[in-house]
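Scroll down for the structure; my scribbles are underneath it.
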Amino acid sequence: MIGDYEPGNETHTATTSALQHAAVASGRDVEVDWVPTVDITSVDAPRLQDADGLLIAPGSPYRHMDGALAAVTYARTRDTPLLGTCGGFQHLVVEFARNVLGVHDAEHAESKPDATTHVITPLTCSLFGQRMDVEVRRGTKAFSAYGRTQTTERYYCNFGLNPAYATQLERGGLVVSAVDRDGEVRILEHPRLRFFMGTLFVPQTSSTPDAPHPLVAALVEAAASRLSASNEAIAQSVGF
């Protein structure tokens, strides 16, 4: 868990619970480790290397934006499963714009309101506290997780993707896998990575013990798959 944990933050407590819901439902053991953004000083941070999967938590602006961006870079370049929600979605976009699209001055309007290039901008209307319908596109990892094209999700954000950059992101390799009723981007994913996804909504808050959220469950499964592949590679290297 990459984020600056606050016990009074509903989305933070829900995130830990949602991972536990997914773990119990899948019969897996999941160790949830919250890593403050200030503890990540580079993509080589040991606590990133120890992770089988990463969830970039809600709660921006982060105390150390570069720490959150380094975590996204690590996941993208090492194919470590990643789910970024709300602020995590927003920082996934900033990282991708800077390091893949070459928009080196890409910024988040919340963190740098006076910057000249904002890939994340204020929403026309705040979505904080709202529940809205989302259309999930077939043929995507998001659709594989949900198993349906319609869902309803909870939002806690005031910022989202600058629409002017949607086409560039898709040309760079990301896929828009879900939109709202107005066609605004709500989920982005990278189809060629094991699991690399950002949601503007916060799926964790809709998870329950009886119904773990499909996207959180998909992250846990992807992390377990990565761990299994890693263990198999180690076994082969030592001749087992």
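Determine ³J(HN,Hα), in whole Hz, for all residues of the range 150-162 in sequence, where each value follows from phi through the Karplus function 6.51 cos²θ - 1.76 cosθ + 1.60 and θ = phi - 60°; x replaces Gly and Pro.
10, 8, 10, 10, 9, 10, 9, 10, 10, 10, x, 5, 5
If contacts are Cα pairs under 8 angstrom and at least 6 residues apart, what is the relative contact order of the chain in percent?
23 percent
Check T85: other-chain or 5+ apart residues with amide H under 5 Å from its amide H, H built from backbone geometry?
Long-range HN contacts for T85: I56, T199.
Work out, step by step, the length gained on full extension between Q150 and R63: first 0.36 nm times the residue separation, then minus their alpha carbon distance; give nm to one decimal.
Roughly 27.8 nm would be gained on extension.
Please give the Cα centre distance for the range 82-111 versus the range 1-80, rounded to the nearest Å.
A separation of 16 Å, based on Cα centres.
From the phi angles alone, apply the Karplus equation (6.51, -1.76, 1.60; θ = phi - 60°) to the range 115-123 and give each ³J(HN,Hα) in whole Hz, x where the residue is Gly or Pro.
Along the range 115-123, the couplings run 5, 8, 10, 10, 8, 10, 10, x, 6 Hz.
Please report the net charge: other residues with Cβ closer than 11 Å to the Cβ of D182, K and R +1, D and E -1.
-2
Taking 0.36 nm per residue of sequence separation and subtracting the Cα-Cα distance, how much length would be gained by fully extending the chain between S230 and A164, in nm to one decimal?
Details: separation 66, 0.36 × 66 = 23.76 nm, distance 3.91 nm.
Additional length available on full extension: 19.9 nm.
From the list (i) 56, 38, 38; (ii) 59, 49, 37; (iii) 47, 44, 42, can you say which value of Cα extents along the principal axes in Å was derived from the structure given?
Recomputing Cα extents along the principal axes in Å here gives the entry labelled (i).
Which far-off residues, 5 or more places away or on another chain, put their amide H under 5 Å from the one on H118, with H placed in the peptide plane?
Residues meeting the amide H criterion: E107.
So how far apart, in nm, are the two label points at D182 and C125 if each is 7 Å from Cα heading toward Cβ?
It is 0.7 nm.
7 Å from Cα along Cα→Cβ at both D133 and H104: what's the point-to-point distance in nm?
Modelled inter-label distance: 4.6 nm.
Once phi is turned into ³J(HN,Hα) by the Karplus curve 6.51 cos²θ - 1.76 cosθ + 1.60 with θ = phi - 60°, what whole-Hz value does each residue of the range 97-109 show in order, with x for glycine and proline?
4, 5, 9, 10, 7, x, 8, 5, 9, 4, 9, 9, 5
Please rank K141, K112, fewest neighbouring Cβ atoms within 10 Å first, as an exposure proxy. Walk me through the numbers before you get to the answer.
Working: K141 21, K112 17.
With the sparsest Cβ surroundings first, the list reads K112, K141.
As a test, work out the antiparallel percent of DSSP beta bridges whose residues both lie in the range 1-157, rounded to the nearest 5.
40 percent
Quick note: the coordinates plus some simple rules give every number you see, no bench work behind them. The model shown is predicted, which means the values in this text are computed figures rather than measured ones. Every residue, glycine among them, receives a Cβ derived from its backbone with ideal geometry; neighbour counts consider all protein chains shown.
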